[in-house]
Each structure stands twice: as structure tokens, then as C-alpha cells.
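**Q** Handing you this structure, nothing more for now.
The values are calculated or read from the model by the stated rules, or taken from the named source; none is laboratory data. A quick note: this is a predicted structure, and the numbers were derived from the prediction, not measured. With ideal geometry, Cβ positions are generated from the backbone for all residues, glycine too; neighbour counts draw on all protein chains shown. For accessibility, only protein heavy atoms count, side chains too; no ligands or nucleic acids. Shrake-Rupley method; radii C 1.70, N 1.55, O 1.52, S 1.80 Å.
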Amino acid sequence: MKALSRRWTTAVLTAAAVLVVGACGSGTDSAGTKSADAGAEGAAQTRSVQHDAGTAEVPVAPRRVVSVSVTLTGHLLALEAPLVASQATPPSAITDGNGFFSQWADVAKQRGVQVVYQGFEADIEKVIAAKPDLIIGSASGADSTLKVYDRLKAVAPTVLFRHDNLSWQELMTKLGGALGLEENAKKVVAAYDQRVAEVKGKIGKPEHDAVLLRDNNTDIPVFTDASAQGALLTSLGFTLHPIDAAFAAEDNREGGTRKDIVSVSQENVVKAFGDSSLFFVSHSADEITATQAKPLWKDLSAVADKRVYDLGLDSFRIDYYSASNIIDRIEKQFAS
């Protein structure tokens, strides 16, 4: 009887231990973060992240983030994410030799970020070789990996965000939430806002309206206040010159869907721009000089009065680094 009693007691204790382990191995905490059984060393926590390609279960504290969007890489660096590798573009005037954008290339180098692949065709094998525990990518633009999302998420949890329909601050906030770096995002945006207020106070209210543009030698893209560039200038106190629909290029008059850019025909530059100052987005100094020398452009009061400004080669894709550079240039050009 004693032997039987001992065996019964042992069985009860074993069953209780199994129940305790099972209860601790999985579940959801009060913050809604799901945890998954990771064996004897404890549970590996994940969080559910909604993004532009679906929902992903991502590590609460990722350690090896790989960016498959060179556009988003600057945001990740500003967040101080554990970024180990990034997609790069072919080298050009706006990048370093690796194909990393010049506004943050030095930061990437200091942190040891490697090129995972170069170009806009995703190289899944190289992504695998980088051993990510989280992949961050774009769902819009030339660096979009939306079409290979299923292949990427088979490698590691993958989060894709659009970057063409929101400000860099909004995008940084989304990324901060996805990576558990919400506080970092808040600090970066707050520091930037403080810098904007400082420069806005120095330059005062600009006398003339502003036209933000690129000269493509065909129709001229003009950036509206819905663009990142337009939002940046208006935050500093500039007023963007409204473009009359009568002077827009044909595709816009027929109901184009873009809100951040309106195209102006070359023959309408004088009527469309009026007395506004001109701000060139991502042009070299030689290109700006050549544009000013063209017929019609020479008749603009901004050209005659030398109210033509260069926002810099890094002003096309706006992130924390390029936005900060633009503000520095505005301060030098307009501070009294």
C-alpha cells in the first residue's frame, strides 16, 4: 500500500508540473503582446503588427533587422533600430559608392550596415544570407517588395509600409510602433519640431510665395502642400503658390489622382508661377543655372531678382536626415 501511495503522489505532482509549464508557455499579456513557447529558456514574445500587406507577428525586441527598402532605411537609422543590412540603389550623384543615400550614408557606415543587394529587384537568397529576424520593406515606389511579400515572410516576419501617402514623421511613428521603438520615434520628432521652431523664428515670414519644383525638360512637377517637401516649407512659415488648374499639364486637367504633385507645361511657367520664389528639388547647381537660362524662365521675376533657391540633391526623398539638411540650407539662405 505504501508503494502504491508513493506512486500515486508522484503521478499527481508530475501532472501538476505539466499544467504549470503549459500555463506559462504561451498566452497574451495585459498589453496584448502575444508570447510563444520557446522551450526551457523561456518564452519568445511577439507582437501583432498591421501593415500595408497584412498582419505580421514580429519579435518584441528584434535583433537583426534587414531593410529591403532603401527609402525606409533612413527612418530606421534615425530610430536607432538594430539594422544589419539594407537594399541599395545603383550609385549616383545622390548616393555614396554603396548606393546608400548621401544624407545618411555616413551613419550607416558607422553602424556597420551592409548592402544586402543593389537595385530594385529583390534578391531573396541574399536576404536569407543576412539572417534577419525582422524584414522591413516598402509597399510603394520603385523599391516596393509587395509582389514578393509571400516569399519574404517565409524568410522572417515581414512588415511593408507605403511611403508615398504620409509624412516622414507619420512613417517614423508607424515604424517605431512596429519595432517597439515608440519612444525613440517621439524623441526624434520632438527634436526636429524644436529645430523647425528655432529656424522659423530666425527667418521670419517670407515676403513671397514659394514654388517647389523639378525641371524635367518636359512638363514641370510642382510639389503641393500635400507633399513632404511642401509640408516642410509650410512648417517654416512659407506659403506655397497655388497653381491654377488652367496652367496645369493635360494629364492633371483630366483628373490625375496624385495630390502631392501637379504638372505645369513649360509654356505656362510665367503665368503659373507669377511673382513666386523658386525652390528646386534635387537639382545640381549646373542644372539650376541651365533652367534659368531657358526661354520664358528668363522672364520670371524670381530669376531677375535672384530669388532662386536650391533645396539640395537629397531633397527628393524626405526622411529625418534630409529634412534636417534642408532646414539648415533654408536657415543659411533666409536668416536675417
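**Q** Let me confirm something: among 209, 244, which residue is modelled with pLDDT of 95 or more and over 26 Å from the mean Cα position of the chain (by Cα)? Steps first, please.
**A** Numbers: 244 fails: modelled with pLDDT of 95 or more.
The unique qualifying residue is 209.
**Q** Here's another thing I want to ask about it. Condition check: in a helix (DSSP H, G or I) and open to solvent by 40 Å² or more (accessible area, probe 1.4 Å). Does residue 291 satisfy that?
**A** Details: in a helix (DSSP H, G or I): yes; open to solvent by 40 Å² or more (accessible area, probe 1.4 Å): no.
When the stated conditions are applied, residue 291 does not pass them.
**Q** Show the residue pairs that are 6+ apart or on different chains and have beta-carbon atoms under 7 Å apart, the first residue being within segment 311-336 and over 22 Å from residue 80 (Cα atoms) and touching a residue at least 24 places away in the same chain (Cβ under 8 Å), the second being aromatic (Phe, Trp, Tyr) and crowded, with 17+ Cβ neighbours inside 10 Å.
**A** If the second residue must be aromatic (Phe, Trp, Tyr) and crowded, with 17+ Cβ neighbours inside 10 Å, the pairs left are 311/279; 311/280; 333/309.
**Q** Kindly list, by first and then second residue, each pair from a residue in segment 93-115 that is in contact (Cβ under 8 Å) with a residue 60 or more places away in the chain to a residue that is open to solvent by less than 10 Å² (accessible area, probe 1.4 Å) and in a helix (DSSP H, G or I), limited to pairs with Cβ atoms under 6 Å and residues at least 6 apart or on different chains.
**A** 103/322; 104/74; 104/77; 107/77
**Q** Then there is this: In segment 198-228, what residues are within 20 Å of residue 312 (Cβ to Cβ), touching a Ser or Thr at 6+ places or on another chain (Cβ under 8 Å) and surrounded by fewer than 16 Cβ atoms within 10 Å (Cβ to Cβ)?
**A** 202
**Q** Give me the pairs, please: first residue somewhere in segment 190-209 and without any contact (Cβ under 8 Å) to a residue 40 or more places away in the chain and on the phi > 0 side of the Ramachandran plot, second residue anywhere and part of a helix (DSSP H, G or I) and surrounded by fewer than 11 Cβ atoms within 10 Å (Cβ to Cβ), beta-carbon distance under 9 Å, and either six or more positions apart or on two chains.
**A** Close Cβ pairs satisfying both conditions: none exist.
**Q** All but one of (1) modelled with pLDDT under 95; (2) of a type in the set (Lys, Arg); (3) open to solvent by less than 80 Å² (accessible area, probe 1.4 Å); (4) in contact with a helix residue (DSSP H, G or I) (Cβ under 9 Å, 6 or more places away or on another chain) hold for residue 195; which doesn't?
**A** Looking at each condition in turn, residue 195 falls short on (1).
Conditions tested, residue by residue: (1) under 20 Å from residue 282 (Cβ atoms); (2) modelled with pLDDT under 95; (3) touching a helix residue (DSSP H, G or I) at 6+ places or on another chain (Cβ under 6 Å).
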{"residue": "95", "(1), (2), (3)": "yes, no, no"}
{"residue": "101", "(1), (2), (3)": "yes, no, no"}
{"residue": "104", "(1), (2), (3)": "yes, no, yes"}
{"residue": "129", "(1), (2), (3)": "no, no, no"}
{"residue": "142", "(1), (2), (3)": "yes, yes, no"}
{"residue": "153", "(1), (2), (3)": "no, no, no"}
{"residue": "158", "(1), (2), (3)": "no, no, yes"}
{"residue": "162", "(1), (2), (3)": "no, yes, no"}
{"residue": "173", "(1), (2), (3)": "no, no, yes"}
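**Q** Let me ask something else about it. Tell me, which residue of segment 147-167 that is hydrophobic (A, V, I, L, M, F, W, C) and without any contact (Cβ under 8 Å) to a residue 12 or more places away in the chain is surrounded by the most Cβ atoms within 10 Å (Cβ to Cβ)?
**A** First, the residues of segment 147-167 that are hydrophobic (A, V, I, L, M, F, W, C): 148, 152, 154-156, 159-161, 166.
From what is left, the residues that are without any contact (Cβ under 8 Å) to a residue 12 or more places away in the chain are 154, 166.
Values: 154: 10, 166: 14.
The extreme case among them is 166.
**Q** Looking at (1) in a loop (DSSP other than H, G, I, E, B); (2) modelled with pLDDT of 90 or more; (3) of a type outside the set (Val, Ile, Thr); (4) within 19 Å of residue 200 (Cα to Cα), which is the only condition residue 336 fails?
**A** Only one criterion is unmet by residue 336, namely (2).
**Q** Of the residues that make up segment 103-111, is at least one on the phi > 0 side of the Ramachandran plot and surrounded by fewer than 22 Cβ atoms within 10 Å (Cβ to Cβ)?
**A** We begin by selecting, within segment 103-111, every residue on the phi > 0 side of the Ramachandran plot; these are none.
Scanning segment 103-111 turns up no residue that is on the phi > 0 side of the Ramachandran plot and surrounded by fewer than 22 Cβ atoms within 10 Å (Cβ to Cβ).
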